[in-house]
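Enquirer: Dropping the structure in here first, questions after.
The values are calculated or read from the model by the stated rules, or taken from the named source; none is laboratory data. As the structure is a computational prediction, the values presented were derived from the model and not from experiment. Heads up, the Cβs are rebuilt from the backbone with ideal geometry, glycines too, and the neighbour counts pull from every protein chain shown. Side chains are part of the model used for accessible areas, which takes the heavy atoms of the whole protein and leaves out ligands, DNA and RNA. Shrake-Rupley method; radii C 1.70, N 1.55, O 1.52, S 1.80 Å.
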Amino acid sequence: MTLPNFVVIGAAKAGTTALYWYLAEHPEVFMSPVKETNYFAYGLDAEGRLLYGDPDVHRFPVKSLSEYEKLFAGADDAVAVGEASPIYLECPQAADRIRELLPESRLICGLRHPIDRAYSDYQMYLRRRGRRLEPARDLTATSAWARPDSRWMRIGRYHEQLKRYFDAFPRDQLHVFLFDDLKRSPLRTVQNVYGFLGVDPAFTPDFNAPHNIGGLPESRLLEGFLTSGAIRSAVEPWIPTRAANWIRRLRMKNMQQAPPLPAELRKELSNHFQEDIRRTAELIGRSLEHWL
């Protein structure tokens, strides 16, 4: 039986997606063929309701240990075996569940500025529902995503979420990087992750392949077709990487950059995160002054 020896728990969904593919390219790494298994976040209460997660937002493609084990049947002699599920950082039960099954595993977490992450996640929410961003509705402090009690804002308070992992695992089993690092110095950031996992840190992945696909679609019909769950599940396992990258490039060409947040809105939202950012910086041992 082969199980992962590392898990990517990220809070930056775009960064986690890119890192998944950069890891999958490495010849000494095996990644779960299902990205975002969400296994350690899945559970039901006595009424059959999710213990954590929103059925409108989260999918749980892997629900049993036997299903989870099968994902890694092809790992063979890989040095590093892993999976990537961003929900693990926010899910209150995930850290203890991972420790129970994978106590020696290494944890990798990418953090993005909480306001940028919330706005980006809201754009994805709109894309998946075929809706347009309407500035009068969506770029105000009273919009659904910007309210302090919204899920988009709550999961941007990283300190409590990260502390669960620092309490559950020795510090040397955790590696935290910033989305800023991945954008500014992608090779150094990814090679640091390789080194943390004990695989050849000199390997260079293909940074030209599009992985961070964000923004708002010009054609909602095309975006809906290219991201259809039924189509992706049927086609993705059978198409070569080159063809998959062509589809991603087609999606990128269909994307328009979302309007920037108004300065006053960004300033108002920043007030909700200042104390948490300071506490997170202290926890990870790294300055986050540029986030304040």
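Enquirer: Would you mention how many residues in segment 57-80 are among the hydroxyl-bearing types (Ser, Thr, Tyr) and open to solvent by 30 Å² or more (accessible area, probe 1.4 Å)?
Expert: Within segment 57-80, the subset among the hydroxyl-bearing types (Ser, Thr, Tyr) is 64, 66, 68.
This time we only want the ones that are open to solvent by 30 Å² or more (accessible area, probe 1.4 Å), so: 64, 66.
Result for segment 57-80: 2.
Enquirer: In this structure, is Phe169 in contact (Cβ under 8 Å) with a residue 40 or more places away in the chain, in contact with a strand residue (DSSP E or B) (Cβ under 9 Å, 6 or more places away or on another chain) and either open to solvent by less than 20 Å² (accessible area, probe 1.4 Å) or not hydrophobic (A, V, I, L, M, F, W, C) (or both)? Working first, answer last.
Expert: Values: in contact (Cβ under 8 Å) with a residue 40 or more places away in the chain: yes; in contact with a strand residue (DSSP E or B) (Cβ under 9 Å, 6 or more places away or on another chain): yes; either open to solvent by less than 20 Å² (accessible area, probe 1.4 Å) or not hydrophobic (A, V, I, L, M, F, W, C) (or both): yes.
So Phe169 passes the test.
Enquirer: Here's something else I'd like to know. Filter segment 100-125 for residues that are within 24 Å of His159 (Cβ to Cβ) and charged (D, E, K, R); which is most open to solvent (accessible area, probe 1.4 Å)?
Expert: If we take residues in segment 100-125 being within 24 Å of His159 (Cβ to Cβ) and charged (D, E, K, R), then Glu100 is most open to solvent (accessible area, probe 1.4 Å).
Enquirer: While we're looking at this one, here's another question. Taking into account only those residues within segment 142-166 that are of a type in the set (A, V, I, L, M, F, W, C) and touching a residue at least 60 places away in the same chain (Cβ under 8 Å), which is most open to solvent (accessible area, probe 1.4 Å)?
Expert: Within segment 142-166, the first condition is being of a type in the set (A, V, I, L, M, F, W, C), and the residues that meet it are 144-146, 152-153, 155, 162, 166.
Now narrow it down to the ones that are touching a residue at least 60 places away in the same chain (Cβ under 8 Å): 146, 153, 155, 162, 166.
Working: Ala146: 2, Met153: 0, Ile155: 16, Leu162: 1, Phe166: 36 Å².
Among those that are of a type in the set (A, V, I, L, M, F, W, C) and touching a residue at least 60 places away in the same chain (Cβ under 8 Å), it is Phe166.
Enquirer: May I ask you to list the residues in segment 119-141 that are under 24 Å from Trp291 (Cβ atoms) and without any contact (Cβ under 8 Å) to a residue 60 or more places away in the chain?
Expert: Those that are under 24 Å from Trp291 (Cβ atoms) and without any contact (Cβ under 8 Å) to a residue 60 or more places away in the chain: Tyr122, Asp138.
Enquirer: May I pose another question? Going by the structure shown, is Arg128 surrounded by fewer than 20 Cβ atoms within 10 Å (Cβ to Cβ) and closer than 25 Å to Pro55 by Cα?
Expert: So Arg128 fits the description; yes.
Enquirer: Might you check whether a residue that is of a type in the set (Gly, Ala, Ser), surrounded by fewer than 21 Cβ atoms within 10 Å (Cβ to Cβ) and without any contact (Cβ under 8 Å) to a residue 60 or more places away in the chain occurs anywhere in segment 26-40?
Expert: no
Residue-by-condition table, conditions (1) hydrophobic (A, V, I, L, M, F, W, C); (2) within 25 Å of Gly53 (Cα to Cα); (3) touching a Lys or Arg at 6+ places or on another chain (Cβ under 8 Å):
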| site | (1), (2), (3) |
| --- | --- |
| Asp149 | no, yes, no |
| Tyr158 | no, yes, no |
| Gln161 | no, yes, no |
| Arg164 | no, yes, no |
| Asp167 | no, yes, no |
| Gln173 | no, no, yes |
| Pro186 | no, no, no |
| Pro201 | no, no, no |
| Asp206 | no, no, no |
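Enquirer: Out of segment 87-99, which residues are open to solvent by less than 20 Å² (accessible area, probe 1.4 Å) and either of a type outside the set (Gly, Ala, Ser) or in contact with an Asp or Glu (Cβ under 7 Å, 6 or more places away or on another chain) (or both)? Write out each step before concluding.
Expert: Applying the first criterion (open to solvent by less than 20 Å² (accessible area, probe 1.4 Å)) to segment 87-99 yields 87-89, 91, 94-95, 98.
Ile87, Tyr88, Leu89, Cys91, Ile98, listed by residue number.
Enquirer: Of the conditions (1) in contact (Cβ under 8 Å) with a residue 60 or more places away in the chain; (2) under 15 Å from the mean Cα position of the chain (by Cα); (3) surrounded by 15 or more Cβ atoms within 10 Å (Cβ to Cβ), Pro4 clears all except one; give me its number.
Expert: Of (1) in contact (Cβ under 8 Å) with a residue 60 or more places away in the chain; (2) under 15 Å from the mean Cα position of the chain (by Cα); (3) surrounded by 15 or more Cβ atoms within 10 Å (Cβ to Cβ), only one is false for Pro4: (2).
Enquirer: Only one of these conditions is not met by Ser66: (1) in contact (Cβ under 8 Å) with a residue 60 or more places away in the chain; (2) among the polar types (S, T, N, Q); (3) over 21 Å from Glu160 (Cα atoms). Which number is it?
Expert: Among (1) in contact (Cβ under 8 Å) with a residue 60 or more places away in the chain; (2) among the polar types (S, T, N, Q); (3) over 21 Å from Glu160 (Cα atoms), the lone unmet condition for Ser66 is (1).
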